[in-house]
Structure formats: C-alpha cells, structure tokens
Amino acid sequence: MIGSDFTLRNERRDFVEWHRGRAPYVLWALDLDLPPVRARVAAAARHLDGLLLDGYRRQPHLTLSLRGFPADAAPADDEHTAAGLAADLAALRAAAPAPFGCRLGGLDSFPSAPFLAVHDPDDGISALRRCLPGVDYPGFCYVPHVTVGLYAGAWPAADVRRRLAAWDGGAALACTVGAVSLLAYEPSDIGGPLRCLGRFCLASRTWTGD
C-alpha cells in the first residue's frame, strides 16, 4: 500500500502551519489499548527497528472519524463545534451497532506509517463510520487499522515491503468492541499520547464524558 518508491519521512517538530495554535485535535476511535494489542503492536515495532521515528507514544486505537479542532461557531473544514458533537451522539444513539467483534491481522503500511490491518466481520466498524462522517480529505480512502509507528526516513519501499512480508505475528487477534471513544491529542507533539474526552457505550447507548 506504500504506492511510491520511498516511504514518507516524518520529523519531530511543531507543525504550527497546520494547527495555527489550535488544540487539541479530536477524533472518534475505538480504544484498543489492551495488553494483547499492546504486545502485538510492540512486536511489530521491534520487527521494524531502525525504520521508525523515536518517541511514538500514541496508545493502540482504531480511528473512526476525524472531528478536528474545537471551535465556538462557524467552524472551518478542520474544526468542530459542540453542536456537531451533539449530532454525533444523536446519530450513535439512533443507529450504532450493538457490541461487536473485530480482528487484528497482518502488517501493512501507508506511505508514512506501518500498521496492523483490522478485519470487520460483523460490519460494526462500517456501521459506526456511517454514524460519524467527520472530516475527510481529498483522495482519502478509509482503511481500518492500528498504527505501529511513523517512518523516520524516506526508506526504499521495496525493502520495506520485504520487511513487512517477513513478519510473522501469529494468529489473528480477536477483540470485542463495547464502546466508542472521543479522543484528543496535542497537535504540536507528533506521535504524542491520546487522552479520552468521553465514551459512548454501545450496549446501554449512554455517553460518559464532557
């Protein structure tokens, strides 16, 4: 899935031209920060040792929808308001699936980041995506995944593909999804940790958070 001759190099700096002093950046996601998932992600990162940017601290998660930066009113394309989040919650209450299962599979890659593929046999991820359209970008194609890290250099794609193909992570890892989380991170800290703003329980259709 790298699609070019080289991976994209990430760098540790403050991307002020993107965030323009706005914070935090908010997204809807499945919180997969569980011991078996952490172990699988760590094993994949070890397999790719030497290729990844140091200091990646983002917890395992599966992004569903980007909400962007908070705004009071008349948001730009990369911003959201309290009314927008209220509409998201109403859509979840009306149409979100019951708790469902998903499976973490093999190692693959975007141009800028390797990931563990996520399979959606119950169509639960797709159902949540229909509730949470969020912010998309030109040319965006959604792929369910758990990011392993970020590439630290413009590495030859053919070499990286061989490295990915050589990884044997074992059997697919089953996970049960019982909630949707609203997560946030500081945009000035590339690969920095996520914090939870709230959770929507799929079984009870209740929201706990700000």
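Kindly establish whether ALA127 is farther than 28 Å from TYR56 by Cβ, open to solvent by 40 Å² or more (accessible area, probe 1.4 Å) and of a type in the set (A, V, I, L, M). No: the conditions fail for ALA127. The number of residues in the stretch 1-18 that are touching a Pro at 6+ places or on another chain (Cβ under 8 Å) and either at pLDDT 95 or above or among the acidic types (Asp, Glu) (or both) comes to 4. The residue of the stretch 177-210 that is surrounded by the most Cβ atoms within 10 Å (Cβ to Cβ), among those that are of a type in the set (Val, Ile, Thr) and within 17 Å of the chain's Cα centre (by Cα), is VAL180. Residue-level check: of (1) at pLDDT 95 or above; (2) more than 14 Å from the chain's Cα centre (by Cα), ARG58 misses just (2).
For CYS141, state whether it is out of contact with any helix residue (DSSP H, G or I) (no Cβ under 7 Å at 6 or more places or on another chain) and modelled with pLDDT under 95.
On the way: out of contact with any helix residue (DSSP H, G or I) (no Cβ under 7 Å at 6 or more places or on another chain): yes; modelled with pLDDT under 95: yes.
Considered against the rule, which asks whether it is out of contact with any helix residue (DSSP H, G or I) (no Cβ under 7 Å at 6 or more places or on another chain) and modelled with pLDDT under 95, CYS141 comes out as yes.
The condition of being free of Cβ contacts under 8 Å to residues at least 60 places away in the same chain and not aliphatic (A, V, I, L, M) holds for only one of HIS47, HIS61, HIS119, that being HIS119. The set of residues from the stretch 153-166 being crowded, with 16+ Cβ neighbours inside 10 Å and out of contact with any Ser or Thr (no Cβ under 9 Å at 6 or more places or on another chain) comprises just one member, ARG163.
For the structure I just gave you, tell me whether LEU128 is part of a helix (DSSP H, G or I), more than 30 Å from TRP207 (Cβ to Cβ), hydrophobic (A, V, I, L, M, F, W, C) and under 20 Å from the mean Cα position of the chain (by Cα).
no
Confirm whether VAL135 is out of contact with any Lys or Arg (no Cβ under 6 Å at 6 or more places or on another chain), at pLDDT below 95 and open to solvent by less than 30 Å² (accessible area, probe 1.4 Å). In short, yes.
The values are calculated or read from the model by the stated rules, or taken from the named source; none is laboratory data. Since the model is a prediction, treat every value here as computed from it, not as a measurement. Every residue, glycine as well, gets a Cβ built from its backbone with ideal geometry; the counts of neighbours run over all protein chains shown. For accessibility, only protein heavy atoms count, side chains too; no ligands or nucleic acids. Shrake-Rupley method; radii C 1.70, N 1.55, O 1.52, S 1.80 Å.
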